[in-house]
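K.L.:
First the structure, which I've put down as structure tokens, then a few questions once you've had a look.
The values are calculated or read from the model by the stated rules, or taken from the named source; none is laboratory data. Small disclaimer: the values here were computed from a predicted structure and weren't measured. When we count neighbours, we look across all protein chains shown, and the Cβ atoms used for this are built from the backbone with ideal geometry, even at glycine.
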Amino acid sequence: MSERARLLVIEDVTVRYGGLTAVDAVSMHVEAGRVTGLIGPNGAGKTSLVDALTGFAPVSGGRVRLDGNDITRMSAHQRARRDLGRTFQSIELFDDLTVRENLLVGASRARWWSLFRDTLGPTRELASRNIAWTLDLLGLADVADRLPTQLSQGRRKLVGVGRALAANPRLVLLDEPAAGLDSDESEVFGSHLRALTEHGITVLLVDHDMRLVLSRCDTIWVLEFGRVIASGTPEAIRADPRVIAAYLGDRSASTTSVGGANE
Amino acid sequence: MHDVLLFAVLGLGAGAVYAILGLGLVLVHRGSGVVNFAHAAIALFAAYVFVDLTDRGLDHWTAFAVTLVLAACGGVLIYFLVIRPLREAPALARLVATLGVLLTLQSLMPIVFGLDARTVPSLLPSDPVEVLGVTFGRDRLWLLGITIVLTVVLSAAYRFTRFGRATQAAAENEKGAILLGYSPTMIGAANWAIACSLAAVAGILIAPITSLSATTFTLLILPALAAALVGRFSSFSLTALTGVLIGVTQSEITRYQGELPGWFPQQGLKDALPFLVIIVAMIVTGKLIPRRGTLSEGRPPFATPGLIRPRWVLVGAAAVMLGLIVAEGSTTYESAITYSMIAGIVSLSLVVVTGYVGQISLAQMSFAGVGAFAVSKLAEENGVPFLPALALSALIAVPIGLLIGLPALRVRGVNLAIVTIGAAVAIDSFIFQNTDWSGGFDGLGVPKPTLFGWSIDPAAHPQRFGAFVLVVLIACAVMVCQLRRSDTGRRMLAVRDNERAAAANGVNVAATKLQAFALSAFIAALGGSILAYQSGRISFQRFSPLQSIFLVAIAYTAGIASVSGGILAGVLAGGGLSFVLVGELVLDDWYGVISGVVLIVVVITQPDGMAVSWSRLTRRIGRLRARPHDALTEVDVVQPVERRMTVAQGTR
């Protein structure tokens with residue numbers, strides 16, 4: 001594996017909810033310009049880790065650095081402004097805003113004068129190139145002026161991804177973006193991931209869909225019971241006996257279409 | 001020492017009533033997940049019924065029993081007609097519905113029972129008794145005893161009976177309760193019946209001590225809410241204890257306020273105390289009312305895209321000017337048209353804070369009052385000219401808006417409504433009722449306005465003044481429309497829809513809420529200062545907390561998340577155009593009752609408000625006549641159906 005710049009570095013991060021340790025001193029990193037996968041069985045602490053990285057769960061120990069800057073104590077919106085985007089497992093769109101407006105929320109940055117400008121100044125038409133690119137990439141251009149509640153579950157997922165991408169983040173954490181998509185949709189979605197890295201967006205993909213993760217990721221980290229049990233290329237992960245025991249069960253390691261532990 | 005004890009005992013009367021009202025609030029919340037702002041009004045209504053029955057010759061105890069039964073029936077009726085249909089509605093809709101009940105009952109009382117003062121027979125023996133060297137009426141001990149017994153009985157009943165456990169189960173998880181075979185409907189109805197009977201008890205017991213007055217009585221809700229809030233809307237004993245303590249402390253304040261330093265605003269302290277209790281409770285316990293596990297959470301009113309249609313602005317403006325010309329000579333109509341526009345401005349402030357950001361504020365008329373107050377101080381006492389006085393008054397309200405917005409960073413929904421109405425009461429009692437500052441009985445004076453050396457005195461030149469207000473209204477409406485279509489507006493709606501997702505997309509949720517409160521206070525105070533100029537003399541009853549409550553109710557009915565709704569709310573507001581028009585047809589007295597009932601019906605049937613429903617209807621008719629070519633039209637018409645579907649899926 002060639003040496004690349006480490007965009008996100010996680011050092012001994014621990015997340016506790018009451019007496020339960022969801023993430024136990026996890027150290028890992030995400031290299032710039034790549035698609036990194038994070039997999040693990042249910043309850044392994046994947047979403048807790050994503051929440052901790054993006055400021056939605058309290059970090060009780062360890063450090064998170066984004067491009068060398070310590071972001072461990074920053075609030076969620078500050079991290080988002082530091083080019084760290086994320087999606088949610090449960091989608092969580094702004095249901096009263098159109099698809100385009102959902103994306104615009106991600107793309108805009110508040111300034112102290114925004115309120116004065118936006119109430120007193122003339123209306124600006126924000127024709128951000130980024131929005132158009134995102135809508136095109138995800139095939140949402142035809143529904144840009146619809147409300148999310150009018151779309152299918154799969155396309156709602158894509159709006160969630162689009163909203164995170166519209167901010168043109170350097171790193172985007174996708175929390176189970178393919179859950180709820182059928183296998184065709186999932187395939188199409190996987191092909192978008194490459195377009196992201198070509199556009200300069202690094203991806204951390206958290207998903208249950210083993211086929212997607214194994215086929216699209218450059219590097220994979222495996223969590224179990226809040227700890228990292230393996231990391232490496234898809235080939236190495238497929239062959240790793242601990243991963244097979246923990247995650248893939250007794251099935252043959254050579255099968256790439258293992259269903260995993262779907263919810 | 002003697003005095004301390006005496007005043008403590010005297011305070012037991014009010015304290016017991018706060019406690020009993022608080023118990024009723026807890027019951028209703030447990031049983032149906034609603035914070036009932038009409039609870040004190042129900043108590044007053046029951047007290048009137050009781051007096052009426054005794055006047056008709058029934059003996060006291062029979063009248064008492066009959067009143068309790070009637071109150072229970074009334075509770076069941078309210079539950080089935082108002083609360084149950086809103087089971088899946090957003091919290092604000094349910095809150096507004098109880099405001100509708102409050103408005104209806106409050107306006108019904110003078111019609112049914114007349115305006116004459118009534119003496120209320122006391123059920124409890126009030127002969128003097130001496131304890132520890134202090135002599136007082138025996139009824140205070142009875143009140144305390146009744147409170148304790150009720151609290152113990154309720155606590156035991158809700159812990160040890162099947163019904164009590166079912167209520168608890170439904171409050172925590174409605175779906176689970178259904179699966180266990182309990183009917184949430186029956187549980188809700190039963191709890192409403194018990195709660196309304198308790199309200200009747202409270203009303204009948206307190207009436208001989210205070211007097212039957214709508215204003216004071218309805219605002220008894222505040223100490224009761226404070227008590228229930230400390231009890232987290234679930235603990236009977238904590239609620240009752242807090243209620244009694246508030247009553248006792250208020251009594252001690254009346255005893256000792258003469259000894260407070262002179263600069264201290266003394267009059268307001270007694271009424272502001274419940275507010276202080278609320279704030280402390282908020283800070284100590286954080287998220288106060290536990291979220292109820294209902295079947296599904298309803299969507300807030302639809303926020304229209306905020307497009308400005310120049311044609312309609314021109315038509316509207318022309319209609320207003322035509323109205324002012326036609327109404328020439330009729331002071332009633334001239335001032336009604338102008339007042340409607342002013343109320344429209346204040347309602348637009350609600351569109352920003354409640355419609356766009358989803359923060360329920362019951363303090364908007366207080367902001368308006370602050371504007372009026374400031375105008376008088378600036379213009380009358382310091383000779384500041386018209387336009388600068390307006391601008392400065394509106395700006396002065398901004399820090400107050402920010403201050404009241406601060407709790408919104410920690411609490412939301414109904415909790416915030418309680419905090420803001422507490423703040424409204426505090427502002428009312430500290431500033432507006434303070435005779436040193438607010439001119440006492442005469443009110444504060446305001447000079448006649450002139451614009452660039454041109455008199456726009458509303459008495460002498462009502463059309464000029466009306467035209468000026470129209471310009472301000474249009475400016476505010478355009479501003480709020482612009483806001484809706486801007487980045488800031490999208491961030492506001494993002495916060496309203498989903499705070500988590502907003503933060504994940506770089507939206508500073510706290511800053512966004514505070515901006516909304518600041519802008520909203522500015523607009524409301526602007527409206528209030530114009531109202532001061534219109535009246536020429538400020539009487540602060542127009543800015544009382546009750547007025548804020550009515551304004552929210554009307555704005556919600558009209559469409560709280562759309563600019564057209566805000567303007568419509570102005571037309572509908574009490575004292576406005578429709579008020580006068582309806583007054584021509586039927587008696588003025590009925591206006592409140594009609595608005596209350598309409599409010600409830602609209603909340604249940606038109607969740608997005610009248611203005612939005614109306615524009616959908618006209619567009620649908622337009623679509624039947626011509627083929628659509630506007631994509632947005634399609635979206636808006638499809639909208640309600642789609643939303644029902646997502647509510648039905650109930651996934652969140």
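K.L.:
Whether any residue in segment B:53-61 is assigned to a helix (DSSP H, G or I), at pLDDT below 90 and farther than 20 Å from B:Ser197 by Cβ is what I want to check.
P.N.:
Yes.
K.L.:
Hey, another quick one. Step by step: first the residues of segment B:306-350, then only those that are over 27 Å from the mean Cα position of the chain (by Cα) and in a loop (DSSP other than H, G, I, E, B), then the one that is surrounded by the fewest Cβ atoms within 10 Å (Cβ to Cβ). Which residue is that?
P.N.:
Per the stated criteria, the residue is B:Gly329.
K.L.:
Restricting the search to segment B:395-429, which residues are over 13 Å from the mean Cα position of the chain (by Cα), over 16 Å from B:Leu350 (Cα atoms) and in contact (Cβ under 8 Å) with a residue 60 or more places away in the chain?
P.N.:
Listed by number, the residues that qualify are B:Leu395, B:Ile396, B:Leu406, B:Pro407, B:Leu409, B:Arg410, B:Val411, B:Ala426, B:Ile427, B:Asp428, B:Ser429.
K.L.:
Also, I was wondering about something else. Checking the condition among the acidic types (Asp, Glu) and in contact with a Leu (Cβ under 9 Å, 6 or more places away or on another chain), which residue from B:Glu334, B:Glu328 passes?
P.N.:
B:Glu334
K.L.:
Ok, one more. Given the condition facing chain B (nearest Cβ under 10 Å) and assigned to a loop (DSSP other than H, G, I, E, B), answer yes or no: does some residue in segment A:133-142 qualify?
P.N.:
No; the residues of segment A:133-142 include none that is facing chain B (nearest Cβ under 10 Å) and assigned to a loop (DSSP other than H, G, I, E, B).
K.L.:
Please verify whether B:Leu150 is assigned to a helix (DSSP H, G or I) and buried (at least 23 other Cβ atoms within 10 Å of the Cβ), treating the condition exactly as stated.
P.N.:
no
K.L.:
So B:Met479 ticks every box in (1) within 7 Å of another protein chain (Cβ to nearest Cβ); (2) crowded, with 23+ Cβ neighbours inside 10 Å; (3) among the aliphatic types (A, V, I, L, M) but one. Which box is left unticked?
P.N.:
(2)
K.L.:
Go through segment B:464-476 and report how many residues are surrounded by 24 or more Cβ atoms within 10 Å (Cβ to Cβ) and within 12 Å of chain A (Cβ to nearest Cβ).
P.N.:
Number of matching residues: 1.
K.L.:
A further question follows. Looking at B:Gly622, B:Gly596, which is the one that is assigned to a helix (DSSP H, G or I), modelled with pLDDT of 80 or more and not hydrophobic (A, V, I, L, M, F, W, C)?
P.N.:
It is B:Gly596.
K.L.:
Sticking with this structure for a sec: Might you check whether a residue that is of a type in the set (A, V, I, L, M) and more than 9 Å from chain B (Cβ to nearest Cβ) occurs anywhere in segment A:107-119? If you could, list the steps in order and put the result at the bottom.
P.N.:
As a first pass, look at segment A:107-119 and keep what is of a type in the set (A, V, I, L, M): A:107, A:110, A:115.
Now narrow it down to the ones that are more than 9 Å from chain B (Cβ to nearest Cβ): none.
No, segment A:107-119 contains no residue that is of a type in the set (A, V, I, L, M) and more than 9 Å from chain B (Cβ to nearest Cβ).
K.L.:
Let me ask another. Of all the residues that make up segment B:515-533, how many are more than 10 Å from chain A (Cβ to nearest Cβ) and within 19 Å of B:Arg412 (Cα to Cα)?
P.N.:
Selection size over segment B:515-533: 3.
K.L.:
Let me ask something else about it. Might you check whether a residue that is farther than 26 Å from B:Ala226 by Cβ, touching a residue at least 24 places away in the same chain (Cβ under 8 Å) and among the hydroxyl-bearing types (Ser, Thr, Tyr) occurs anywhere in segment B:46-55?
P.N.:
Yes, segment B:46-55 contains at least one residue that is farther than 26 Å from B:Ala226 by Cβ, touching a residue at least 24 places away in the same chain (Cβ under 8 Å) and among the hydroxyl-bearing types (Ser, Thr, Tyr).
K.L.:
Please tell me if B:Pro110 is under 27 Å from B:Gly203 (Cα atoms), at pLDDT below 80 and either outside any strand (DSSP E or B) or over 30 Å from the mean Cα position of the chain (by Cα) (or both).
P.N.:
no
K.L.:
Here's something else I'd like to know. When you check B:Asp457 against the structure, is it away from chain A (no Cβ under 14 Å) and of a type in the set (Asp, Glu), yes or no?
P.N.:
So B:Asp457 fits the description; yes.
K.L.:
Could you tell me which residue of segment A:154-163 is nearest to the other protein chains (Cβ to nearest Cβ), considering only residues that are more than 13 Å from A:Phe94 (Cβ to Cβ) and hydrophobic (A, V, I, L, M, F, W, C)?
P.N.:
By that ranking, first place goes to A:Val161.
K.L.:
What residue, of A:Ala25, A:Ala32, is in contact with an Asp or Glu (Cβ under 8 Å, 6 or more places away or on another chain) and touching a residue at least 40 places away in the same chain (Cβ under 8 Å)?
P.N.:
After applying the criteria, what remains is A:Ala25.
K.L.:
Next question. Scan (1) modelled with pLDDT of 85 or more; (2) surrounded by 18 or more Cβ atoms within 10 Å (Cβ to Cβ) for the single condition A:Ser108 breaks and write down its number.
P.N.:
Unmet condition: (1).
K.L.:
Considering only residues that are buried (at least 16 other Cβ atoms within 10 Å of the Cβ) and touching a Gly at 6+ places or on another chain (Cβ under 8 Å), look in segment B:109-143 and name the one that is nearest to B:Val17 (Cα to Cα).
P.N.:
Checked segment B:109-143; the qualifying residue nearest to B:Val17 (Cα to Cα) is B:Leu143.
K.L.:
Would segment B:379-394 turn up any residue that is under 17 Å from the mean Cα position of the chain (by Cα) and of a type outside the set (D, E, K, R)?
P.N.:
Checking segment B:379-394: not a single residue is under 17 Å from the mean Cα position of the chain (by Cα) and of a type outside the set (D, E, K, R).
K.L.:
With A:Leu103, A:Leu174, A:Leu151, A:Leu84 as the choices, which residue is in contact with a Gly (Cβ under 8 Å, 6 or more places away or on another chain) and more than 7 Å from chain B (Cβ to nearest Cβ)?
P.N.:
Residue meeting the stated conditions: A:Leu103.
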